[in-house]
Amino acid sequence: MIPDSLKLHAFVLAVWNEAVPLQKQVDDLGRIGDSEEIDEYQFYVMRVGYSLAQIVTWMEQLDHAVYYLSDFSYKKDAKDEGVNRAKHLLYSVENYLIRLQSVYDRALQLTNNVFHLGIEDSNVGHSAVISNLKVSRTDVAGQLRAVKKEVERRAQERHAIVHRESHRDEDLRRLEMFYMFSEDTWNAKPGGSTFEGLCHMRSQLLKTVVAEKKKDFAELNQSVFGKIEVLFAGLHSQYNKERGRLRLYVYGKDA
């Protein structure tokens, strides 16, 4: 679970308390009211609010991904589509590992917007953000590196999935093989155990693998969430500074 200390972080509440009401006032043309265009200060607040919502949503999806590992539907529709328990588990594991790496991308986008760096979204990356003078001279640079370090514990697995092959896990591979057999194809094999024996063996292996993956991913999530919570504290300080600067520039006063 995402801890309340993260969901109700002072930074999250401060941004959303201003960004959400403001966003509700903006029409499709980017105006407030009939003709007044949003100013730089309002744009800044909404931009930070949007990127903050993105990373919070992404963390929720990582949290939900642990639940999905065991949330399999045994309905006839799934069977008709060729979806079995092993395929569902493999898909869920790979989906988690890919999403895990992307949470750092959301952290970089949020940092870009909080510091008001103006880096084009498609160009936002680790080097571009970390090496920026406004970021590098603050604690946020180290806090970002800490998030990256946690995420990269499983980076090689993600790279293999995206660029080369399915997730290489011996237990998952065994499950895939065991679930390839139907009663007819298994019984057609010469000798060996009964199909009932196969079903029992693979169900026990499945329970073990699911329990191990859920524990592993839940613990990893908590480590990542903890680093992001520290990052939020650093970004909150910078948000207050940039927010005050823009208010003074746009309205001639700070508040």
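The values are calculated or read from the model by the stated rules, or taken from the named source; none is laboratory data. Note that the structure is a prediction, hence the values are computed from the model and not measured. Positions of Cβ are generated from backbone atoms using ideal geometry, with glycine treated the same way; all protein chains shown enter the neighbour counts.
Taken over the range 101-111, the criterion of being without any contact (Cβ under 8 Å) to a residue 60 or more places away in the chain and of a type outside the set (Gly, Ala, Ser) is satisfied by 101, 104, 105, 106, 108, 109. Only a single item in (1) in contact with a Lys or Arg (Cβ under 9 Å, 6 or more places away or on another chain); (2) hydroxyl-bearing (Ser, Thr, Tyr); (3) buried (at least 18 other Cβ atoms within 10 Å of the Cβ) is not met by residue 67, and it is number (3).
Which residues, counting only those in the range 1-26, are in a helix (DSSP H, G or I) and free of Cβ contacts under 8 Å to residues at least 40 places away in the same chain? Steps first, please.
Initially, the range 1-26 is screened for residues in a helix (DSSP H, G or I), giving 4-7, 10-25.
Within the range 1-26, 4, 13, 16, 17, 18, 19, 20, 21, 22, 23, 24, 25 qualify.
Screening residue 109 against (1) under 17 Å from residue 224 (Cα atoms); (2) modelled with pLDDT under 90 leaves a single unmet condition, (2). The C-beta contact set for the range 33-60 (first residue under 16 Å from residue 107 (Cα atoms), second residue modelled with pLDDT under 95 and not in a helix (DSSP H, G or I), distance under 7 angstrom, 6+ apart or interchain) comprises 59/2; 60/2. Per this entry, residue 126 is counted among residues that are touching a Leu at 6+ places or on another chain (Cβ under 9 Å), surrounded by fewer than 17 Cβ atoms within 10 Å (Cβ to Cβ) and of a type outside the set (S, T, N, Q).
What helices (runs of 4 or more DSSP H) lie completely within the range 132-197 and have 3 or more residues being modelled with pLDDT of 80 or more, touching an Asp or Glu at 6+ places or on another chain (Cβ under 7 Å) and among the basic types (Lys, Arg)? I'd like the intermediate steps shown before the answer.
Values: elements: 133-136, 139-151, 155-163, 170-178, 183-187.
The helices (runs of 4 or more DSSP H) meeting that bar number zero.
Consider the range 78-125. How many of its residues are under 22 Å from residue 51 (Cβ atoms) and among the aromatic types (Phe, Trp, Tyr)?
Narrowing the range 78-125 to residues under 22 Å from residue 51 (Cβ atoms): 98-125.
If we keep only those that are among the aromatic types (Phe, Trp, Tyr) too, we end up with 104, 115.
Residues that pass the stated criteria total 2.
Note on the range 55-87: residues that are among the acidic types (Asp, Glu) and either closer than 24 Å to residue 175 by Cα or at pLDDT below 80 (or both) total 4.
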